[in-house]
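J.: For reference, the structure I am asking about is given below.
Every number here is computed from the coordinates shown, using simple stated rules; none is lab data. What you are looking at is a predicted structure, and each value in this text was computed from that prediction instead of being measured. Note that each Cβ is placed from the backbone with ideal geometry, even for glycine, and that neighbours are counted across all protein chains shown.
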Amino acid sequence: MRLVLVMACVLGLAGCSGGQAAPAPGRPPSSSPTAVVARGSIQSVVTLKATVAAAPAGVLTSAAAGTVVLSSGPVRIKKADGSVVPVNVPAGAVITKMLVTPGQRVPARFPIAEVRATGFGMVAELDPASLYRLYTPVISAKAQITNGPGPFPCALLSTVPTRAAGSGAPLRVTCLVPADLPVFEGMPAVMALVTAQERDVLTLPLEAVAGSAAQGTVNLLGPKGEPSLRSVTLGASDGNRIAILSGLAEGDRVSLPAPDLAGG
């Protein structure tokens, strides 16, 4: 008789007590871990492997959209509201070729001029995963020579990733080594880029959010633990937590892990 009951359970011909019902599609188990939306501060730091290079080249980019002004003095961008933003050449670098003409309209981050360092610099090539963490201009950079000097501030040739004009080379970030620092071409190094700082913002653990830049989705839990998909606007991430700019309120609970939008 027991064998018959077991077979009926397997074939779905009879109800079986003692088993745990599977959750409905899109609904996490009641025992799923949760995370609470809480306030905090986030500093996004991207760490890259780099190599010391002699007189490395780079590309300056526009800090804003507008019209190129190439009269006397530094290159400038005149914005639609009439304000002017300079295109700064870092100390220790010189412009070798202009890539725009006077009066040309350009978007933000557009290549403006090729530049070359007059001393040593360090170059870091970017992988696709790092690019999404460099979604805003870099605030500051520090570097360290492996088994050598550091950490020390280093000025960037450009505050956004660039590649040589017209080349298919990987995007890269180049910063300048202080002139009084003893280095040799080819030395391995590490570059740390601060890309964002946000204070007193709503945050969640990264594993609670499907998505890591601009837009994401979470499984928001209702008063009785019922889940519903909620779109959120994302800010900076420090690799552990991510800023939630809109879509949730402090104290909201979401389920872990993040919703699987692929359905797998």
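J.: So what are the ³J(HN,Hα) numbers for the range 148-163, from phi and the Karplus equation (6.51, -1.76, 1.60; θ = phi - 60°), rounded to whole Hz, Gly and Pro as x?
T.: After applying 6.51 cos²θ - 1.76 cosθ + 1.60, I find x, x, x, x, 9, x, 9, 7, 7, 5, 9, 7, 10, x, 9, 9 Hz.
J.: Next up: What is the Cα centroid distance between the range 75-100 and the range 215-264, reported in whole angstrom?
T.: 40 Å
J.: Calculated FRET efficiency, T146 and E207, Cβ-Cβ r, R0 22 Å, to nearest 0.05?
T.: 0.10
J.: While we're here: Once R0 is set to 30 Å, what does the formula 1/(1 + (r/R0)^6) return for the Cβ-Cβ distance between R39 and D260, expressed as a FRET efficiency to the nearest 0.05?
T.: After rounding to 0.05, the efficiency reads 0.60.
J.: Still on this structure: Which cross-chain or sequence-distant (5 or more) residues have an amide H under 5 Å from the amide H of A63, H modelled 1.01 Å from N in plane?
T.: Long-range HN contacts for A63: R109.
J.: Enumerate the amide H contacts of V183 below 5 Å, restricted to partners 5 or more residues apart or on another chain; note that Pro and chain-start residues carry no placed amide H.
T.: Long-range HN contacts for V183: none found.
J.: Under the 0.36 nm per residue contour assumption, what length would be gained going from the current alpha-carbon distance of S83 and F184 to full extension?
T.: Residue separation times 0.36 nm, minus the Cα-Cα distance, leaves 32.1 nm.
J.: List, in order, the whole-Hz ³J(HN,Hα) value for each residue of the range 53-61 obtained from phi through the Karplus relation with A = 6.51, B = -1.76, C = 1.60 and θ = phi - 60°; use x for Gly and Pro.
T.: Per-residue couplings from phi come out as 10, 7, 6, x, 9, x, 10, 7, 10 Hz.
J.: Give the shape of the range 62-113 as rounded, prolate or oblate, defined through the alpha-carbon gyration tensor: a ≥ b ≥ c are the square roots of its eigenvalues, a/c under 1.5 means rounded, and otherwise the shape is prolate if a/b is larger than b/c and oblate if not.
T.: Here the range 62-113 falls in the prolate category.
J.: Under the Karplus relation 6.51 cos²θ - 1.76 cosθ + 1.60, θ = phi - 60°, what is the ordered set of whole-Hz ³J(HN,Hα) values for the range 248-257, x standing for Gly and Pro?
T.: 9, 10, 4, x, 4, 10, 10, 8, 10, x
J.: How far, in nm, would the chain grow between M98 and S228 when pulled straight, counting 0.36 nm per residue and subtracting the alpha carbon separation?
T.: 41.5 nm
J.: Further question: What ranking do 176-187, 114-125 get when scored by the average of other Cβ atoms within 10 Å per residue, highest first?
T.: Packing order, densest peptide first, comes out as 114-125, 176-187.
J.: List the residues whose amide H sits under 5 Å from the amide H of T34, counting only those 5 or more places along or on another chain, with H placed 1.01 Å from N in the peptide plane.
T.: The list, which skips near neighbours in sequence, is L256.
J.: On to the next question. Calculate, in nm to one decimal, what R163 and Q197 gain on full extension: separation in residues at 0.36 nm each, minus their alpha carbon distance.
T.: Residue separation times 0.36 nm, minus the Cα-Cα distance, leaves 9.6 nm.
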